[in-house]
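Data block below; observations after.
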């Protein structure tokens, strides 16, 4: 028997209905692995999920706490997702063809974590703007962001990169590490204590697999070589999985993202660019568009250098992207609810008039 509480579950025994609490530790396509008091068991979704779910975010993901109808002779059934403390989402653009996006879905990458490890490497693929995008979504998730700069052993000097990240992400911990030499690794111990969960996020080739192997103390993930021309790699992780560290802390490893689509990150963007949004109240006009209007505090800040053109451009781009994805997703949800309402009305009508000629 496993004490499921070491995985963060509040309860360890069966519910009054005989359901077992558990945590999703692996997802491959539509196949789940859930750890419960009976061990690690294969699981599938109860049919009600497919009828009641309004969108993909209503389905379980790695890190979710769930209730399980246990079956010792085959796949158990996930009957319910318990409330999420935190979740990291990204926009999944659906129906993309010839520049047209039909719908934008919320894809929940991981849930119920304490820290978001935003991982970037100190090589030719280093990009502060990309880190800022991850940071906005990480702040929206409810978890605490931590920026990890890997491959410090391959960088001749990284003081400039470190300074650039700290300027773009004030008040966010930033650590330069080397998975191979052990440089800086001890600084991560405070985040990975027993019962704590961190999620790994970053592009392919940034060293997530090497970092995970170093933290585990053994090789649990294969490591692929990166391309020399652009310092990028192929996906090593092909699915999402939760690993229990020797410390009792947990890591949710995710596949590398070629591009992070921001989703529902209005508050996260506001937190990342709070200095910019604070200027809006200082503009002469309440409806200032921050372009050519007189008395615009934003334009003044850009002119005197307290806000860079790059910061302003990044802020506008993130706000525009989130509005687009949220509007598309709202349309999809409204359509789904309308279809459910019509279906329910039809069933009630047929039930009421059944047998009447």
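The values are calculated or read from the model by the stated rules, or taken from the named source; none is laboratory data. All figures in this text were calculated on a predicted structure; none of them were measured in a lab. Positions of Cβ are generated from backbone atoms using ideal geometry, with glycine treated the same way; all protein chains shown enter the neighbour counts.
General observations
- Residue in the stretch 51-60 that is under 22 Å from residue 201 (Cα atoms) and at pLDDT 85 or above present: yes
- If the condition is being in contact with a helix residue (DSSP H, G or I) (Cβ under 6 Å, 6 or more places away or on another chain) and modelled with pLDDT under 70, then the stretch 211-258 contributes 223, 236.
- Filtered residue count, the stretch 176-190, keeping only those that are over 16 Å from residue 213 (Cα atoms) and surrounded by 19 or more Cβ atoms within 10 Å (Cβ to Cβ): 1
- Test for residue 280: is it touching a strand residue (DSSP E or B) at 6+ places or on another chain (Cβ under 8 Å) and surrounded by 11 or more Cβ atoms within 10 Å (Cβ to Cβ): no
- Every test in (1) assigned by TED's automatic domain parsing to the domain that holds residue 207; (2) more than 19 Å from the chain's Cα centre (by Cα); (3) buried (at least 18 other Cβ atoms within 10 Å of the Cβ) is passed by residue 246 save one, and that test is (3).
- Selection count, the stretch 259-291, where residues are in a loop (DSSP other than H, G, I, E, B), at pLDDT 90 or above and on the phi < 0 side of the Ramachandran plot: 11
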